[in-house]
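Let me begin by presenting the structure, written as structure tokens, before commenting on it.
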Amino acid sequence: MHDLKPPFKFDFRALLTRARERLNDRVSGVSIKLPFLTFSVQPEATETKVAKEIVIRLADRRVLNAFECCDDCIDKTLASLQQIRTFLVDKQVELSGVTSGPLYLITELMLEAIRQFFTFEERLRNRKAPMLELPRHFRRGDNREVYFAALEMLRAHLHRCLLQISTIAGTSIPKIADHMRYDSTWQLEAYEDPAIEDGT
């Protein structure tokens, strides 16, 4: 499933532009690589602690560990994503004292990706909604094919965010099956380019 093309693009342009302004002046510590943005940080103790918990707990979530093949599986995946969403919001509460730090930013990127995936999935499921503007290679497929492509894109995003969080935590990602892992190279075609928004 890793070769499915993105049916839409995540739009993090405003978030990445703000992050670039507040994080690019940091020059020491570990290197964090996000779509269109790379910077170095020295994580605080709170960030390291929370990062370790995020890595351990999210690596065990079924949405990162199983393929879906039926409607019941799809329902379970959507439920799992809702649980991840709740968990990440709870972790942001713990990070309330370091909201300008890299870990808070990465959790924002994960939460926003889940929100945008749910919006896409709802529009796909709701036949009364206006026709989605899908890439040509999807227009003759059924909804399930498009759903799986969107889920694949979300999984890749969440996994690559976890890789960056594991850097902050100073640990590796456990448990995720080899066939469900992704490399660390961001699939830029799945993201709106923030340079387009700011005119650079």
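Miscellaneous remarks
- Subset of the range 74-96 that is basic (Lys, Arg) and surrounded by fewer than 16 Cβ atoms within 10 Å (Cβ to Cβ) - its residue that is farthest from residue 54 (Cα to Cα): 76
- The range 86-109 - residue that is closer than 21 Å to residue 155 by Cβ and hydrophobic (A, V, I, L, M, F, W, C) and, of those, nearest to the chain's Cα centre (by Cα): 109
- Screening the range 48-69 for residues that are at pLDDT below 90 and basic (Lys, Arg) and picking the one that is farthest from residue 182 (Cα to Cα) gives 57.
- Applying a threshold of 7 Å to beta carbon distances and a minimum spacing of six or more residues, or different chains, the list of pairs starting in the range 141-165 at a residue that is among the charged types (D, E, K, R) and ending at one that is buried (at least 19 other Cβ atoms within 10 Å of the Cβ) and assigned to a helix (DSSP H, G or I) reads 145/138; 155/63; 155/64.
- Of the residues 13, 22, the single one that is out of contact with any helix residue (DSSP H, G or I) (no Cβ under 7 Å at 6 or more places or on another chain) and either farther than 20 Å from residue 159 by Cβ or among the small types (Gly, Ala, Ser) (or both) is 22.
- Residue match in the range 159-174 (condition: under 26 Å from residue 41 (Cβ atoms), surrounded by fewer than 16 Cβ atoms within 10 Å (Cβ to Cβ), in contact with an Asp or Glu (Cβ under 9 Å, 6 or more places away or on another chain) and at pLDDT below 90): yes
- Residue satisfying all of: in the range 9-33; out of contact with any strand residue (DSSP E or B) (no Cβ under 9 Å at 6 or more places or on another chain) and over 22 Å from residue 114 (Cβ atoms); modelled with the highest pLDDT among these: 21
- Residue match in the range 72-85 (condition: under 18 Å from the mean Cα position of the chain (by Cα), farther than 26 Å from residue 187 by Cβ and at pLDDT 90 or above): no
- Of the set (1) within 17 Å of the chain's Cα centre (by Cα); (2) modelled with pLDDT of 90 or more, all apply to residue 45 but (1).
- Residues in the range 97-116 that are among the hydrophobic types (A, V, I, L, M, F, W, C) and under 22 Å from residue 20 (Cβ atoms) were compared, and the one that is surrounded by the most Cβ atoms within 10 Å (Cβ to Cβ) is 103.
The values are calculated or read from the model by the stated rules, or taken from the named source; none is laboratory data. Here the structure is a predicted model, which means the values were calculated and not measured. Glycine also receives a Cβ, built like all others from the backbone with ideal geometry; neighbour counts cover every protein chain displayed.
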